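The values are calculated or read from the model by the stated rules, or taken from the named source; none is laboratory data. Not measured: the values here are computed from a predicted model. Quick reminder, even Gly has a Cβ in these numbers, built from the backbone with ideal geometry, and neighbours come from all protein chains shown. Surface areas here come from the heavy atoms of the whole protein model, side chains and all, with no ligands, DNA or RNA. Shrake-Rupley method; radii C 1.70, N 1.55, O 1.52, S 1.80 Å.
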Amino acid sequence: NARLAAAAPLPAAVAVTASLMLAQLFKRAGSAYRAKVGRELSAHGLMYEDCLIETEEVKLALKRLPPEILNAREQRLKRAMVLSSQIKTLPEEVAAKLDPFESYLGPYLEQVKKEKEEQLKLAK
């Protein structure tokens, strides 16, 4: 124990190098995870925003979607449920054409959040 207490702290250069290596590791892991999630979503014909938890903000944003976008979302969800119940996935050539991270709800969600912030400011 005396040896451990007397041990000198790591030099700053070693700490910085370790920190950079750790950051790169997390970046690679994040990229790999995003790719895996993207493949799984595409295999079922879903988009990332189809799987968001329907909080109050998300529900308000969904109400603002144009009917054709909302209908497409509902069709994707129905197709995914059917594929899941049959333990199937979309053909790879169809799944490859999909970009699961393309945003369709983002602008509406941002608008709802800005309006909520404005309401909070006005309430003060």
Seminar exercise, completed: Flagged pairs (Cβ under 7 angstrom, 6 or more apart or on separate chains; first in segment 30-45, within 9 Å of PRO100 (Cα to Cα); second surrounded by fewer than 14 Cβ atoms within 10 Å (Cβ to Cβ)) are GLY38/PHE101
Problem set entry | Members of segment 48-71 found to be β-branched (Val, Ile, Thr), open to solvent by 30 Å² or more (accessible area, probe 1.4 Å) and assigned to a helix (DSSP H, G or I), listed by number | ILE69
For this session: Quickly run through segment 66-101 and pick out the residues that are in contact (Cβ under 8 Å) with a residue 40 or more places away in the chain and under 11 Å from ASP50 (Cα atoms).
Result: PRO100, PHE101
Seminar exercise, completed: Considering segment 72-124, residues that are within 15 Å of LEU46 (Cα to Cα) and of a type in the set (Val, Ile, Thr), and then whichever is least open to solvent (accessible area, probe 1.4 Å), we arrive at VAL94
For this session: Answer yes or no: is there a residue in segment 98-107 that is assigned to a helix (DSSP H, G or I) and not aromatic (Phe, Trp, Tyr).
Result: yes
For this session: Test each condition in (1) open to solvent by 90 Å² or more (accessible area, probe 1.4 Å); (2) part of a loop (DSSP other than H, G, I, E, B) for GLY45 and report the one that comes out false.
Result: (1)
